Amino acid sequence: VISAALRNAALNTRTSLPQQEQREDARDLSHGQFAAYVAAPVSPLEPPRFSGLLALDVSFNKFSASDFEILEQAGLGTSLRSLNLSSCELTALPSASYWQKYVCLKLLHVARNNIGSWGEVQSVVHVPTLVWLIFHGNPIAAQPEFREFVIANASSTLLAVDANVITDDERLACLSFPEESGASPVHTQSGSPKRRLAAQGPEPYVKRRVAKSRWTEIALPPAAVEGTPADAASMISYLKKTLWNLQHTANKCSAAAALQVAFKGAVARKRMAVMLEQRREAALHIQRHVRTYQWKVGVHEYLREYLAETDQLDLLLSPEQLIAMKATKIQRAVRAWLVRRKEKDNVEVASFLIGRIFKGFLVRSTMLRKTLRLSKERYIYFPAQYAWEFLVCLNVTRRQRGLEPVANDFEFEESDVYAVRFPEPDELPERSSALSAVLMMRSYCVLRPRREGRFPSCPWDGPVHKLVDAPPPHIARPYRVIRRRQAAVTGKERTAFVQGCSKGRPDLTPPPVDRGQRRMCLSFQKFLDNPTSWPKAKSKVFKPLPAFLKEAQRMGGKPLGNLDTSHQKGVETDYGPKNYSTCRWLSQRLLRFNCGSTQTASDLISFLNSYNAFVTAHSNDLGMLVRSVPYLMESAVKEATAATVIQATWRAHRARMELSFSIHTAATFRRAALCIQRYWRWTGQMKRRFELLAYAHRQSRKVMTDTLYIESRLMQSINAIAHTIRYAPLLPERKLVFGYHSELDQVVLINDMVLQHPSRDPRRMKPMPLRDVAAFLREQDHLNPGFGFLPSWHHRPPAWVTINPS
C-alpha cells in the first residue's frame, strides 16, 4: 500500500498534466504528412495550428531549420509534452535558446538521424523539463562517452537516455568536484566510481542496480506505421503510460527512493502499532462502561418490580422529578382550560359574525325590495344585443333555486321604452352593492317612452305647431315674405313624406331566425372547451364566471346573433326618395323579462351584479368573448323615463323663455338663416367658388422665385389637363386660363369669355400681362356683372412671376 502511494505521488508531481488544460490533443503527422498539413490555408480567426498540443509525431519527414521555425510560430512550445523527430534526416538541431522555450517537454525522440556534433547534443539537453532523451541511431550516439556527456550536461529531471534509465552510480560518476575542497570521486579496485548512496553490505530493502543492465532497460516507443495514423486519444494514453513506467523504473534503480520506501514503511508500521494499541484500550474502556450500564439497568428493573409489589413506585423518583410530574399535571389542566376558553371565544365570535352578516343581508335584501318595489314591479330591462348572456344568467339563477331552466329558443318581451343611452357596466364607477349598482345605472341611463295614437288626425302622429304671440311690425312682413323650408314641394316629395310617416310604434323586432340553422360562435366554443384558460375566482364560496360558462356549455354554446340593421337603413321606393318609416335614430332596442316572484328577482339582481363585477375585473383576460350584461329594474326604468320627459319639457320651456325676442322673430331668423345656408351650399355654388379662389390666392403667394424647372412631359400633361372642363358649369372662374406670351416673355391670364365676345376679334387681340389683368377684370366686372370674375380682394396679387422658357 505504501509503495503504491509513493508511486502515485511521484507520478502526480513529476509526470501529471496541469489541471488547467481543458482540451487534450495530439497529432500524428508522420510519413510525409507534415508538409501537406502546414501548406493548407488557415483562417485568420482560427487559433494557431499546434496550440494546445500534448504530443506531436513528425517522424519519417524531411525536416529542415525552417520547419523548426514553423513549429515555433504555430505555438507549439507552450504545452507540448512529447516530440518525435526520428528518421527526419536531421543533420543539425536548433540552438539551446530555442529548446528552452519548450517549458513542458518531457520526451524527445531524435533517433535515426545524421547528427554528429557535440554542440547539437548540448543544445538539446538544455530543455528544463526533459525526462527521456532518445538519441540512438545518430553518429554521435555511437561514441563511448555520449551517455556520460548527456548525463553530465542535462538537468536533474532527466531520468533515461535511449533504452536505459540513469542510475545513481552514473550520476555520481559524472559529478565534477572543486579542487580546493579536497574532495574527489572515490574509486574501487576495479577502477569504477563507488556509489555514494549505495549500501555497504547486503541489505534487505536496497538492491544494487548496474547501469545498462536488464534492471534499467525500458521499452522504446514503437515507430509509426505508414498509412495508419494514430488518433489523439491513443497517443495521449500512451504518453501517460510511458511516463509512468519510466518514473517507476527510475525509482527502482535509485537508492534514495529505496531508502525513502523503507523509512516510510517503518514509520507506517510504527504508527499502525500505536493505533492498534489505542484501539484495544478504547475497546476495553467501552466494554467497561457498557457492562456497568447493563448492571444498572438490571438493578433498576429489579427494584421497579419489587416496589411495584409493595406499591411504592414513588420512591424511585427524585424530589425534582416529583415536582416536575406535578407541574406537568398542572400544565395539562391549564392548557385544557385554555383550549376550552378559546373554543368558547371562537364560537361567540363566529355567532356574532354570522348574526351580523345575516342581519346585513336581511337589511340589504329588504332595502333592495322596498327601493326597487320588487313586490309589484318585477320586470328587468336590458338591451336586445345582450339577450343570450341574460338568458344564461337567468338559467343559472333558476338552477340555484331548483327551478327548470328556460329553453334556448325563449323570446323575451318587447319593452315600451327606447334607450338613448344605456352604458356598459365597465363605463360606470365600481359599486359593490347591488342596490347602489342599479341606482348608479339609473343615473347614467337616458330613456324615452314609445308613444302611439296621440294625434290620429295627423299622419305623422304628432302635433301641428302654431305660433300664438303677435309679431312686431318690422317682423311680420319678413315672416310672410321668407318662406318656410320646403314650402313648395312636388308630388313625389309629398308622397314620400306621407308614406314616411309612422303612426304609432313601428315594429322594431328583427326578422325571425331559424333556430335549427343558427351558426355558433367558434371562438367562444373553443374557449368553453378549454377550462384551464378560464380566469380563477378569488372567492371559494361562489364563482359567478364558472357557473356562467358551465351553463353556456349545457346550452350548447353561444349562437351568432342576427344583425338587426332595420333601424338604420331606409327602404327603396318607386318615386325616388327612400322610406324611413321603420327607422329609429339614436336609440337602442330594449327587451324585458318578468321574474314572476320577488325572490327570483332579488337572486337574479345579485347574480348579475357579481357576474358584471367579475367580468369587468378580468376584461383583459376575457376580451370580447364574455360580456357584462347592463340591466335596469322596472321602477328604475320608470324613474329614468320620467326624468327624461320632464327634463326635455323643462329645457324646451326654458329655451323659449330665455329668448330676448318673440317667437315670431326667432322663427324669422331661423328661416333667414336657412335661406342663407341654402344659397351658400347650393345656389350659385358660392362656397366652392370662394374655396377655389382662396386656394389660388394661397398658392400664388407661395411663389418666391422667378424660375420654374419642370419636365417637358409633365408640362404637356398639365397643359392637356388644363384644356379639359374639370369644374362645374356654374363656376365662372373655370373660364380663366394661364398662357405664355412669346413676345412679352411672360405668363398671361386669358379669359375665354372675353376672347369669345362678339365685339373682339381673337386674331387681333393681344394677351395681357398679369400686371394688367387686375384693372381689366375690374372694368369687365363693372360692365358685365354677370360674368363673375375675380373678387376685389384678389386683384392685388404679389409680384407676378414669369416662367423661364428654358
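The values are calculated or read from the model by the stated rules, or taken from the named source; none is laboratory data. Computed from a predicted structure; not experimentally measured. So basically every Cβ, Gly included, is an ideal-geometry build from the backbone, and we count neighbours across all protein chains shown. We work out accessible area using only protein heavy atoms, side chains counted, and drop any ligands, DNA or RNA first. Shrake-Rupley method; radii C 1.70, N 1.55, O 1.52, S 1.80 Å.
For the stretch 434-469, filtered to residues that are at pLDDT 85 or above and of a type in the set (Gly, Ala, Ser), the residue that is nearest to residue 638 (Cα to Cα) is 443.
Quick one: is residue 371 under 28 Å from residue 421 (Cβ atoms) and open to solvent by 50 Å² or more (accessible area, probe 1.4 Å)? For residue 371, the condition - under 28 Å from residue 421 (Cβ atoms) and open to solvent by 50 Å² or more (accessible area, probe 1.4 Å) - is met.
Has the stretch 562-575 got any residue that is open to solvent by 40 Å² or more (accessible area, probe 1.4 Å) and at pLDDT 75 or above? Scanning the stretch 562-575 turns up no residue that is open to solvent by 40 Å² or more (accessible area, probe 1.4 Å) and at pLDDT 75 or above.
Taken across the stretch 348-355, residues that are open to solvent by 90 Å² or more (accessible area, probe 1.4 Å) and either under 29 Å from residue 606 (Cβ atoms) or modelled with pLDDT under 90 (or both) do occur, with at least one present. For residue 584, the criteria (1) open to solvent by less than 40 Å² (accessible area, probe 1.4 Å); (2) at pLDDT 70 or above; (3) part of a loop (DSSP other than H, G, I, E, B) hold in every case but one, which is (2).
Looking only at residues of the stretch 214-230 that are surrounded by 12 or more Cβ atoms within 10 Å (Cβ to Cβ) and over 14 Å from residue 251 (Cα atoms), we find that the one that is modelled with the lowest pLDDT is 224. Checking each residue in the stretch 346-387 for being in contact with a helix residue (DSSP H, G or I) (Cβ under 9 Å, 6 or more places away or on another chain) and free of Cβ contacts under 8 Å to residues at least 60 places away in the same chain picks out only 376. Filter the stretch 301-324 down to residues that are surrounded by 10 or more Cβ atoms within 10 Å (Cβ to Cβ) and of a type in the set (Ser, Thr, Tyr), then give me how many there are. Total satisfying the criteria: 2. Once the stretch 404-430 is narrowed to residues that are open to solvent by 60 Å² or more (accessible area, probe 1.4 Å) and without any contact (Cβ under 8 Å) to a residue 24 or more places away in the chain, the residue that is nearest to residue 613 (Cα to Cα) is 427. The condition of being part of a helix (DSSP H, G or I) and more than 30 Å from residue 528 (Cβ to Cβ) holds for residue 344.
Here residue 113 does not qualify as polar (S, T, N, Q) and open to solvent by 10 Å² or more (accessible area, probe 1.4 Å). Hey, can you tell me all the residues within the stretch 397-422 that are closer than 24 Å to residue 559 by Cα, outside any helix (DSSP H, G or I), touching a Pro at 6+ places or on another chain (Cβ under 9 Å) and modelled with pLDDT of 90 or more? Residue satisfying the conditions is 422 alone. For the stretch 240-279, the tally of residues that are without any contact (Cβ under 8 Å) to a residue 60 or more places away in the chain and open to solvent by 40 Å² or more (accessible area, probe 1.4 Å) stands at 17.
Considering each residue of the stretch 100-120 in turn, at least one proves to be of a type in the set (Phe, Trp, Tyr), more than 29 Å from residue 255 (Cβ to Cβ) and out of contact with any strand residue (DSSP E or B) (no Cβ under 8 Å at 6 or more places or on another chain). In the stretch 325-338, the residues that are free of Cβ contacts under 8 Å to residues at least 24 places away in the same chain and among the aromatic types (Phe, Trp, Tyr) form no Cβ pair under 9 Å with any partner that is open to solvent by 90 Å² or more (accessible area, probe 1.4 Å) and assigned to a helix (DSSP H, G or I), whether six or more places apart or across chains. Kindly indicate whether residue 49 is out of contact with any His (no Cβ under 6 Å at 6 or more places or on another chain) and either of a type in the set (Phe, Trp, Tyr) or crowded, with 20+ Cβ neighbours inside 10 Å (or both). It is false that residue 49 is out of contact with any His (no Cβ under 6 Å at 6 or more places or on another chain) and either of a type in the set (Phe, Trp, Tyr) or crowded, with 20+ Cβ neighbours inside 10 Å (or both). Residues that are open to solvent by 50 Å² or more (accessible area, probe 1.4 Å), under 15 Å from residue 526 (Cα atoms) and in contact (Cβ under 8 Å) with a residue 24 or more places away in the chain within the stretch 612-624 comprise just one, 621.
Taking the stretch 126-172 as the range and being among the aliphatic types (A, V, I, L, M), open to solvent by 50 Å² or more (accessible area, probe 1.4 Å) and within 17 Å of residue 92 (Cα to Cα) as the test, only 142 passes.
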